[in-house]
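Everything on this sheet refers to the single structure shown next.
The values are calculated or read from the model by the stated rules, or taken from the named source; none is laboratory data. What you are looking at is a predicted structure, and each value in this text was computed from that prediction instead of being measured. Reconstructed Cβ throughout: ideal geometry from the backbone, glycine too, with neighbour counts over all protein chains shown. These accessible areas exclude ligands, DNA and RNA; they are computed on the full protein's heavy atoms, side chains included. Shrake-Rupley method; radii C 1.70, N 1.55, O 1.52, S 1.80 Å.
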Amino acid sequence: MRPPTTPPSSPVDLLDRCSAIAGLSLGELAELAEVAIPANLQRHKGWPGMLIEKWLGATAGSKPQQDFPELGIELKTIPIDGNFRPLETTYVCFAPLLMQPGITWQTSNVRNKLQQVLWLPVEGDRQIPLAQRRVASGFFWQPDEQQNAILQQDWEELTEQILMGQVESITSRQGIALHIRPKAANGKVLTDALDAEGQRIKTRPRGFYLRKSFTEHILFNAFS
DNA sequence: TGGTGATCATAT
DNA sequence: ATATGATCACCA
């Protein structure tokens, strides 16, 4: 078995590719793909995600769009414990700190990315050697009405705060499903934002993340 | 002990 | 610096 060299032609094709790797370990997948296996993830935090991308035929590169643009599908690998509960929050996208005029939930990058997600849980307990961690079954998810409402509410609250020049007072404790945290290589990375007086300030870049409590429900519904 | 804030690798 | 892929790790 080898990784595909072309993007999936359809959602069914994509799901087939998931089925083909379900139950296999990251070590097996890395060996078949001729990818080096790091000893741990401390300096290779995105490694499982990149490996899975390769096996599903996602377009390489760092574009601010979905992983499968032709299908309108975003891929998210998610580390889970023995009970299929998420071990980490899920990064969604950067939080724009200099708002485009007329940005709404409907046109937001968060909504665009979460409209149709392929979740691929992977064993993530740190006591399991990286190479031995197995891939679970992937599944499609679309936010239901209630989930959409919560996401929209969180997004609007956080966006409003950014718009009001209050980015520095945003804490990751805000938001039921979606929250904002720093997202950068280190604390020295700064980007432009606006303060309450509309003056340009430098602040740490932020990203939108899904809380574990939210993704836990998604996983629970999928596997129960 | 788990969530918040910080950080790591890589491509453009 | 911004974007992708995320997980690390400190401390309340």
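Put A:LEU15, A:LEU190, A:LEU219 in order of accessible area, largest first, 1.4 Å probe: what do you get? Before the final figure, lay out each step's value.
Details: A:LEU15 60, A:LEU190 95, A:LEU219 5 Å².
If we order A:LEU15, A:LEU190, A:LEU219 from most to least accessible, we get A:LEU190, A:LEU15, A:LEU219.
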Quiz item: Counting only protein chains, not ligands or nucleic acids, how are A:ILE150, A:ILE73 ordered by accessible area (probe 1.4 Å), most first?
Solution: A:ILE150, A:ILE73
Quiz item: Given A:LEU15, A:ILE128, A:ILE52, which one lies farthest toward the positive end of the charge dipole of chain A, if we put +1 on the Cβ of every Lys and Arg and -1 on the Cβ of every Asp and Glu?
Solution: A:ILE128
Exercise. Let me know the charge dipole size of the stretch A:11-223 about its Cα centre in debye, to the nearest 20, where only the beta-carbon of Lys, Arg (+1) and Asp, Glu (-1) is charged.
Key: 700 debye
Quiz item: Can you give the FRET efficiency for A:ILE37 and A:SER213, using 1/(1 + (r/R0)^6), R0 = 25 Å, r = Cβ-Cβ distance, to the nearest 0.05?
Solution: 0.20
Quiz item: Which residues' amide hydrogens lie under 5 Å from the amide hydrogen of A:ILE73, considering only partners 5 or more residues apart or on another chain, with H built in the peptide plane?
Solution: A:PHE68
Quiz item: How much length is gained if the chain between A:MET164 and A:ARG126 is pulled fully straight, taking 0.36 nm per residue apart and subtracting their Cα-Cα distance, in nm to one decimal?
Solution: 9.6 nm
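Please report, in debye to the nearest 20, how large the charge dipole of the stretch A:33-150 is about its Cα centre when each Lys and Arg carries +1 at its beta carbon and each Asp and Glu carries -1 there. Please report the intermediate quantities before stating the final value.
On the way: 11 positive and 11 negative charges, 63 e Å.
My answer is approximately 300 debye.
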Quiz item: With chain A treated as a Gaussian network of Cα nodes joined by springs under 10 Å, which of A:LEU32, A:LEU178, A:LEU51 yields the largest mean-square fluctuation?
Solution: A:LEU32
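In chain A, carbon and sulfur make up what percent of the accessible area (probe 1.4 Å)? Before the final figure, lay out the partial values.
On the way: 6230 of 12260 Å².
The C+S portion of the solvent-accessible surface of chain A is 51 percent.
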Quiz item: Calculated FRET efficiency, A:GLN142 and A:GLN199, Cβ-Cβ r, R0 45 Å, to nearest 0.05?
Solution: 0.65
Self-check item: Separation of alpha-carbon centers, the stretch A:128-193 and the stretch A:1-72, rounded to whole Å
Solution: 23 Å
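For the stretch A:11-223, count the residues as N, evaluate 2.2 N^0.38 Å, and divide the Cα radius of gyration by that value, please. Write out the running numbers ahead of the final one.
Numbers: Rg = 18.0 Å, N = 213, 2.2 N^0.38 = 16.9 Å.
Against the empirical 2.2 N^0.38 Å value, I get 1.07 for the stretch A:11-223.
Peptides A:6-14, A:76-84: what's the order by average Cβ count within 10 Å, highest mean first?
Listed from highest to lowest mean packing, they are A:76-84, A:6-14.
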Practice problem: State the volume of the convex hull built on the alpha-carbon positions of the stretch A:16-66, expressed per residue in Å³ and rounded to an integer. | Solution: 94 Å³
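How large is the accessible surface per residue of chain A, computed with a 1.4 Å probe and reported in Å² as a whole number? All intermediate terms of the calculation are to be shown ahead of the outcome.
Numbers: 12260 Å² over 224 residues.
I get 55 Å² per residue for this part.
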Exercise. Would you please give the FRET efficiency between A:SER172 and A:MET1, computed as 1/(1 + (r/R0)^6) with r the Cβ-Cβ distance and R0 = 45 Å, to the nearest 0.05?
Key: 0.65
Quiz prompt | Area of A:ARG2 that stays accessible when all protein chains are in place (1.4 Å probe, Å², to 10) | solution = 140 Å²
Quiz item: Tell me, what ³J(HN,Hα) does each residue in the stretch A:120-128 have, in order and in whole Hz, if you take phi through Karplus 6.51 cos²θ - 1.76 cosθ + 1.60 with θ = phi - 60° and put x for Gly and Pro?
Solution: 10, x, 9, 3, x, 4, 5, 6, 7
Quiz prompt | Positive-end residue of A:ALA177, A:ALA33, A:GLN147, charge dipole of chain A with Cβ unit charges | solution = A:ALA33
Quiz prompt | Using θ = phi - 60° and Karplus 6.51 cos²θ - 1.76 cosθ + 1.60, couplings along the stretch A:75-84 (whole Hz; Gly, Pro as x) | solution = 9, 10, 7, 9, x, 10, 8, x, 9, 6
Quiz item: Which value in nm describes the separation of the simple spin-label points at A:MET99 and A:SER19, placed 7 Å from the Cα toward the beta carbon?
Solution: 4.6 nm
